[in-house]
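Asker: Have a look at the structure that comes next, please.
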Amino acid sequence: MNELSSIVNFFFEVGILNHTIRSGNKFLGSGKQNVASHIFRTIVIGYTMSKILNADTEKVLLMCLFHDIEETRTGDLNYFQQLYVKSDDDKALNDILKNLPFKDEIEKIIQEYASLETLESQIAKDADTLELILFLKEEKDKGNEQAQNWIDSSKRRLITDLSKKILISIESTKYYEWWYNIRDDWANGNKKW
C-alpha cells in the first residue's frame, strides 16, 4: 500500500454518502435526500450563520462538513429508529479516521460539536437542524401535510436566536419564491425569446 492509500480510501468512503439515503423520508412519506446533499446545505447554512454571528468560520465549516461522517458505516438512523437501535458513532468515526494524518483534528472538532458548549458548535447544530427544516418546508409546500408536524418537532431543537429568526422566515416563505423574484418578465411569461 502506498502512502496515499488511506487518504484515497477515505475519499472513496465519503463518496458513499452520495448514496446513503436519509432514512426519515420513509416515515415522512415523501421526498428523497442523501446524506451528502444534506451535509452540503448544512455547510452553506453554517457558513452564513458564522459570518453573521462573527464566529470562527473554519471551525463551523469543519463541524458541518464532518458532523455525519460516521454514517458511511452506521447509516442514517432517524429518531424513531434510534429508539431501538444504537449505533457506535465513536467507533465508526475512529475506524474511518484511524490512518489519516488529520485524525486528531477531526476527532477534536466532532467532540466540540457534540458538546454544544461553544458558539461554533451551537451554530453547526442549528445549521444541521435548519437544513432539515428547509427540506421539510419544501415537502410541505409540495403538499405533504405531515411535514408540519416534523417542523414543529424540529424547531424545538434550535439554540441560537439567529436560527430562531431564520426559522420564522423559512415558515413564511414558499420554497420556490426565490426564482420567481429574480425577473418578473420571465416569471410572468413576458420574456421575448
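The values are calculated or read from the model by the stated rules, or taken from the named source; none is laboratory data. This is a predicted model, so every value here is computed, not measured. With ideal geometry, Cβ positions are generated from the backbone for all residues, glycine too; neighbour counts draw on all protein chains shown. Note: accessible area is taken over every heavy atom of the protein model, side chains too, but ligands, DNA and RNA are not part of it. Shrake-Rupley method; radii C 1.70, N 1.55, O 1.52, S 1.80 Å.
Asker: Give the residues of region 79-124 that are among the polar types (S, T, N, Q) and more than 20 Å from Gly24 (Cβ to Cβ), sorted by residue number.
Answerer: Of everything in region 79-124, those that are among the polar types (S, T, N, Q) and more than 20 Å from Gly24 (Cβ to Cβ) turn out to be Asn94, Asn99, Gln111, Ser115, Thr118, Ser121, Gln122.
Asker: Taking region 95-133 only, how many residues are more than 13 Å from Phe66 (Cα to Cα), without any contact (Cβ under 8 Å) to a residue 60 or more places away in the chain and open to solvent by less than 30 Å² (accessible area, probe 1.4 Å)?
Answerer: Residues flagged as more than 13 Å from Phe66 (Cα to Cα), without any contact (Cβ under 8 Å) to a residue 60 or more places away in the chain and open to solvent by less than 30 Å² (accessible area, probe 1.4 Å) within region 95-133 amount to 2.
Asker: Still on this structure, please answer the following. When both residues are 6+ apart or on different chains and their Cβ atoms are under 7 Å apart, which pairs have a first residue that lies in region 1-18 and is farther than 10 Å from Thr72 by Cβ, and a second that is open to solvent by 40 Å² or more (accessible area, probe 1.4 Å)?
Answerer: As it stands, the answer is Ser6/Asn99, since those pairs meet every condition given.
Asker: If you don't mind, another one. Against the condition within 15 Å of the chain's Cα centre (by Cα), open to solvent by less than 40 Å² (accessible area, probe 1.4 Å) and of a type in the set (Asp, Glu), how does Glu71 come out, does it pass?
Answerer: Considered against the rule, which asks whether it is within 15 Å of the chain's Cα centre (by Cα), open to solvent by less than 40 Å² (accessible area, probe 1.4 Å) and of a type in the set (Asp, Glu), Glu71 comes out as yes.
Asker: Out of the residues in region 46-68 meeting the condition of being open to solvent by 40 Å² or more (accessible area, probe 1.4 Å) and within 14 Å of Thr160 (Cβ to Cβ), tell me which one is farthest from the chain's Cα centre (by Cα).
Answerer: Result: Asn54.
Asker: To continue, here is another question. Hey, could you check region 25-45 for residues that are touching an Asp or Glu at 6+ places or on another chain (Cβ under 8 Å) and in contact (Cβ under 8 Å) with a residue 40 or more places away in the chain and say which is surrounded by the most Cβ atoms within 10 Å (Cβ to Cβ)?
Answerer: Of everything passing the filter in region 25-45, Thr42 is surrounded by the most Cβ atoms within 10 Å (Cβ to Cβ).
Asker: Among the residues of region 150-165 satisfying the criterion of being outside any helix (DSSP H, G or I) and hydrophobic (A, V, I, L, M, F, W, C), which is farthest from the chain's Cα centre (by Cα)?
Answerer: Among them, the one singled out is Ile159.
Asker: Restricting to region 144-164, give me the number of residues that are in contact (Cβ under 8 Å) with a residue 60 or more places away in the chain and among the small types (Gly, Ala, Ser).
Answerer: The total comes to 2.
Asker: Here's a follow-up. Out of (1) surrounded by fewer than 18 Cβ atoms within 10 Å (Cβ to Cβ); (2) of a type in the set (Ser, Thr, Tyr); (3) modelled with pLDDT of 95 or more, the odd one out for Ser6 is which?
Answerer: The single condition Ser6 does not satisfy is (3).
Asker: Give region 134-148 a look and list any residue that's open to solvent by less than 10 Å² (accessible area, probe 1.4 Å) and within 22 Å of Lys51 (Cβ to Cβ), or say none.
Answerer: If the condition is that a residue be open to solvent by less than 10 Å² (accessible area, probe 1.4 Å) and within 22 Å of Lys51 (Cβ to Cβ), then no residue fits.
Asker: Hey, another quick one. Tell me the residue from Leu136, Leu116 that is closer than 22 Å to Asn34 by Cβ and under 20 Å from the mean Cα position of the chain (by Cα), please.
Answerer: One residue alone meets the criteria, Leu136.
Asker: Okay, next question. The conditions are (1) of a type in the set (Val, Ile, Thr); (2) loosely packed, with under 11 Cβ neighbours inside 10 Å; (3) modelled with pLDDT of 90 or more, and Ile170 fails exactly one of them. Which is it?
Answerer: Going through (1) of a type in the set (Val, Ile, Thr); (2) loosely packed, with under 11 Cβ neighbours inside 10 Å; (3) modelled with pLDDT of 90 or more one by one, Ile170 breaks only (2).
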